[in-house]
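A.B. asks: The structure's right below; bear with me while I get my questions together.
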Amino acid sequence: MAEFLLRRVAISMVTLFVITVIVFTGVRMIPGDPARVMAGTDADEAGLAEVRQKYGLNDPIAVQYVRWLGLAVRGDLGESIRTRESVVLTVRRKLPITLQLACFAILIAVGIAIPVGILSAFRRNTLWDYVANGLSLCGLSVPSFWLGIMLILFFSVRLGWLPASGFVPLFEDPLGNLQRMAMPALVLGTALAAVLMRQTRNSMIEVLSADYIRTAYSKGLAARAVIFRHAFRNGLIPVVTILGLQMGALMSGAVVTEQIFVVPGFGRLIVEAVFTRDYPLVQGVVLLTASAYVLINLLVDISYSVLDPRIRVTR
Amino acid sequence: MSTRPAATADAWTLADPVAVATRGGRAWRRLVRRPPAVAGAIVVLVFTVIALGAPWLARTDPLRTDWAKIRKPPTSANPFGTDDLGRDVFARVVWGSRVSMQAGVCAVLLAIAVGVPVGLVAGYYRGSLDQLVMRFTDAWLSFPFLILAIGLVTILGPSLTNATIAIGLGATPTYIRLTRGLVLATNAQEYVQGARAMGAGDTRVMLRHIVPNIFSALLVQATVSIPGAIIAEAILSFLGLGVQPPTPSWGTMLNTAQQFLESAPWMAWWPGLAIFSLTLSFNLAGDGLRDLLDPKDY
């Protein structure tokens, strides 16, 4: 176990290192003076000189990378060109909104996908299974932003039930928050639900054909006991992994969803940063997102190995 | 007329699918048992025809503005209505299929062109080169797809070509990993070892013995990635990072439509429905293809 953990952590560290190199060189590939890129077009000579000095832009590129990495590790990702606020603070302000959205989306997705997937596996090749599969394929194929627009068209424009856009903090106005989060969370949760449902169904089918399930049935156990005590636990392990792997898709989805429903979160931040050519902010957000993703996957892998000891041996 | 045995066999299978136990016959039987896959393939074909025949299908110019026809609901002259500049939505949806198909297919081709050779070499030679490639791939995969595409478009500048490159590069690591895994599995097969024992060189083993055997899995992956690439292009264009106006693209059309949801909802219906039906069909066809090439009892 210790060896597995060490190996897995070492691989993650290497991945993180490569990510920092990619992000660092990515910003250097933007045409023009790097000082101008980092300080913004309206920065004066003093501002440019400050940036040059802080990042040592006259030093060799390797030295510059080490200096930049040193600052990044200490939580200094530079400051936004537009607001002059530190990138880390900006992210810290925006992130909770996106996290709330993501949590709701995951709840919706898990709430739909797991029961439907299990039922589909049990009633394989019945009408229920076909309908569920069809819906899941639709969920995979529907472009989230179009689904969002259609929901606004129906629930806001036609029925007037939900506000089309905007955001109020959860603790200020819980009901208003839920009303405004319902549609974005549904949109974000749909694609996830589709992926999870397929995975649940397939892995349950695999588990249900295992010998120990037949044994459980032949012992005379009721179907309910077989499902919950035997099949459920093993069948859901791959689902947990997929859920972890889907975090990246969830972050991508949040970018689009927040754009449609004007939710002032992390995803909207990055689009605004791109449009205002706020390179330090883009750089910081991309670096943080990728690092978070690596950490999530590390945690998923570790939890996976705890749930299923065979993983530790075979890898 | 020359005799074409393959075509004859197909025609015969069509006439009596059960009688012939040829490979094509088995494939055909498996396919007809899956009407959704056939329907998906047909719709993809229809969209291809629409994309290729756009100049003949859309008789009105998709860029021509008409101030007398601003945001008019569907009529016989403009079956999908008109947009905020009085342009024909039908013509724009038809021309938009070109952008979407082009972006989707080109992005996936780029991913294959880069990913397959790299995965092939990494999986075949193993060792430190493989380790290096895999760590880079892991890092590349750690960027959420859209965030990576946004980052690349920021560096390259927004345009259809750059969006396609960004999507293609975003999909590349998937192909590196898939190819590498397939090569590792194929490399251990006896026929590959046999070929090597008979003195075949590395290039020959890779191109003659490994590639043909991993081709079908790559084909399935390509069919599955094209709808993803189409949606990604639409998203980038929707965000203003892909196709630039006035070029008609489904993503940019939806971006504009969002501003007029109350007064002109039809502007949002058609481009979205087009993306949805095209991606759904690709997915249906891809599922069918997977069943055909890799029959697993799901």
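A.B. asks: Just wondering, is there one or more residues in the stretch A:195-210 that are at pLDDT below 85, more than 25 Å from B:ILE231 (Cβ to Cβ), surrounded by fewer than 21 Cβ atoms within 10 Å (Cβ to Cβ) and touching a Lys or Arg at 6+ places or on another chain (Cβ under 7 Å)?
C.D. replies: Scanning the stretch A:195-210 turns up no residue that is at pLDDT below 85, more than 25 Å from B:ILE231 (Cβ to Cβ), surrounded by fewer than 21 Cβ atoms within 10 Å (Cβ to Cβ) and touching a Lys or Arg at 6+ places or on another chain (Cβ under 7 Å).
A.B. asks: Something else now. Give the residue, chosen from B:VAL89, B:VAL94, B:VAL108, that is closer than 30 Å to B:PRO173 by Cα and in contact (Cβ under 8 Å) with a residue 24 or more places away in the chain.
C.D. replies: On the way: B:VAL89 fails: closer than 30 Å to B:PRO173 by Cα; B:VAL94 fails: closer than 30 Å to B:PRO173 by Cα.
None of the others qualify; the one that does is B:VAL108.
A.B. asks: For the stretch A:1-27, how many residues meet the condition of being within 14 Å of chain B (Cβ to nearest Cβ) and surrounded by 15 or more Cβ atoms within 10 Å (Cβ to Cβ)? Quick ask: steps written out before the conclusion?
C.D. replies: So the first thing to find is which residues in the stretch A:1-27 are within 14 Å of chain B (Cβ to nearest Cβ), and the list is A:7-27.
In the following step, the residues that additionally are surrounded by 15 or more Cβ atoms within 10 Å (Cβ to Cβ) were identified as A:8, A:11-12, A:14-16, A:18-20, A:22-24, A:26-27.
Looking only at that region, the number is 14.
A.B. asks: A:SER80 - would you say it is buried (at least 20 other Cβ atoms within 10 Å of the Cβ) and of a type in the set (Ser, Thr, Tyr)? It would help to see each step written out before you state the result.
C.D. replies: Values: buried (at least 20 other Cβ atoms within 10 Å of the Cβ): yes; of a type in the set (Ser, Thr, Tyr): yes.
Answer is yes for this residue.
A.B. asks: From the list B:ALA229, B:ALA171, B:ALA222, which one is buried (at least 19 other Cβ atoms within 10 Å of the Cβ), under 19 Å from B:LEU141 (Cβ atoms) and in contact with a Ser or Thr (Cβ under 6 Å, 6 or more places away or on another chain)? Walk me through it before giving the result.
C.D. replies: Numbers: B:ALA229 fails: in contact with a Ser or Thr (Cβ under 6 Å, 6 or more places away or on another chain); B:ALA222 fails: in contact with a Ser or Thr (Cβ under 6 Å, 6 or more places away or on another chain).
Selected residue: B:ALA171, the only one of B:ALA229, B:ALA171, B:ALA222 that is buried (at least 19 other Cβ atoms within 10 Å of the Cβ), under 19 Å from B:LEU141 (Cβ atoms) and in contact with a Ser or Thr (Cβ under 6 Å, 6 or more places away or on another chain).
A.B. asks: Sticking with this structure for a sec: Can you name every residue in the stretch B:42-51 that is aliphatic (A, V, I, L, M), modelled with pLDDT of 90 or more and closer than 19 Å to B:ALA103 by Cα? Walk me through how you get there before you give the answer.
C.D. replies: Just the residues of the stretch B:42-51 that are aliphatic (A, V, I, L, M), to begin with: B:42-46, B:49-51.
Now drop any that are not modelled with pLDDT of 90 or more, which leaves B:42-46, B:49.
Residues satisfying the conditions are B:VAL43, B:VAL44, B:LEU45, B:VAL46, B:VAL49.
A.B. asks: What residue, among those in the stretch B:120-146 that are in contact with a Phe, Trp or Tyr (Cβ under 9 Å, 6 or more places away or on another chain) and within 7 Å of chain A (Cβ to nearest Cβ), is farthest from A:LEU16 (Cα to Cα)?
C.D. replies: Result: B:PRO144.
A.B. asks: So which residues in the stretch A:153-183 are surrounded by 14 or more Cβ atoms within 10 Å (Cβ to Cβ), within 14 Å of chain B (Cβ to nearest Cβ), out of contact with any Leu (no Cβ under 6 Å at 6 or more places or on another chain) and of a type outside the set (Gly, Ala, Ser), if there are any at all?
C.D. replies: A:PHE154, A:LEU162, A:PRO163
A.B. asks: Checking the conditions here, which among B:GLY199, B:GLY157 is surrounded by fewer than 19 Cβ atoms within 10 Å (Cβ to Cβ), more than 25 Å from B:MET134 (Cα to Cα), small (Gly, Ala, Ser) and within 14 Å of another protein chain (Cβ to nearest Cβ)? First the steps, then the outcome.
C.D. replies: Numbers: B:GLY199 fails: within 14 Å of another protein chain (Cβ to nearest Cβ).
Exactly one residue qualifies, and that residue is B:GLY157.
A.B. asks: Now for a separate question. Given the condition under 13 Å from A:ARG198 (Cα atoms), loosely packed, with under 14 Cβ neighbours inside 10 Å and facing chain B (nearest Cβ under 9 Å), answer yes or no: does some residue in the stretch A:114-126 qualify?
C.D. replies: No, there is no match, as no residue in the stretch A:114-126 is under 13 Å from A:ARG198 (Cα atoms), loosely packed, with under 14 Cβ neighbours inside 10 Å and facing chain B (nearest Cβ under 9 Å).
A.B. asks: Of all residues in the stretch A:35-49, which are modelled with pLDDT under 80, in contact with a helix residue (DSSP H, G or I) (Cβ under 9 Å, 6 or more places away or on another chain) and surrounded by fewer than 17 Cβ atoms within 10 Å (Cβ to Cβ)?
C.D. replies: Answer for the stretch A:35-49, where residues must be modelled with pLDDT under 80, in contact with a helix residue (DSSP H, G or I) (Cβ under 9 Å, 6 or more places away or on another chain) and surrounded by fewer than 17 Cβ atoms within 10 Å (Cβ to Cβ): A:ARG36, A:ALA43.
A.B. asks: Follow-up. Looking for something of a type outside the set (D, E, K, R) and within 14 Å of chain B (Cβ to nearest Cβ) - is there at least one such residue anywhere in the stretch A:37-58? It would help to see each step written out before you state the result.
C.D. replies: Just the residues of the stretch A:37-58 that are of a type outside the set (D, E, K, R), to begin with: A:37-41, A:43, A:46-49, A:51, A:53, A:55-58.
The next check asks that each one be within 14 Å of chain B (Cβ to nearest Cβ); those that pass are A:37-38.
Checked against the condition, which is being of a type outside the set (D, E, K, R) and within 14 Å of chain B (Cβ to nearest Cβ), the stretch A:37-58 yields at least one hit.
A.B. asks: Could you please give the count of residues in the stretch B:226-246 that are touching a Phe, Trp or Tyr at 6+ places or on another chain (Cβ under 8 Å) and either more than 13 Å from chain A (Cβ to nearest Cβ) or hydroxyl-bearing (Ser, Thr, Tyr) (or both)?
C.D. replies: Adding up the residues that qualify gives 1.
A.B. asks: A follow-up question, please. Check whether at least one residue in the stretch A:11-33 is charged (D, E, K, R) and in contact (Cβ under 8 Å) with a residue 60 or more places away in the chain, and report yes or no.
C.D. replies: Residues of the stretch A:11-33 that are charged (D, E, K, R), as a first pass: A:28, A:33.
Okay, now just the ones that are also in contact (Cβ under 8 Å) with a residue 60 or more places away in the chain, so none.
No, that holds for no residue.
Results for (1) free of Cβ contacts under 8 Å to residues at least 24 places away in the same chain; (2) not in a loop (DSSP other than H, G, I, E, B), shown as yes or no for each residue.
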position	(1), (2)
B:TYR191	yes, yes
B:VAL220	no, yes
B:THR223	no, yes
B:PRO248	no, no
B:GLY288	no, yes
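A.B. asks: Tally up the residues in the stretch B:258-275 that are in contact with an Asp or Glu (Cβ under 8 Å, 6 or more places away or on another chain) and at the interface with chain A (Cβ under 7 Å from one of its Cβ atoms), please.
C.D. replies: Of the residues in the stretch B:258-275, the ones in contact with an Asp or Glu (Cβ under 8 Å, 6 or more places away or on another chain) are B:259-260, B:264, B:267.
Then keep just the ones that are at the interface with chain A (Cβ under 7 Å from one of its Cβ atoms); that gives none.
Matching residues across the stretch B:258-275 total 0.
The values are calculated or read from the model by the stated rules, or taken from the named source; none is laboratory data. Source: prediction; values computed, not measured. As a convention, Cβ positions derive from the backbone with ideal geometry for all residues, glycine included, and neighbour counts pool all protein chains shown.
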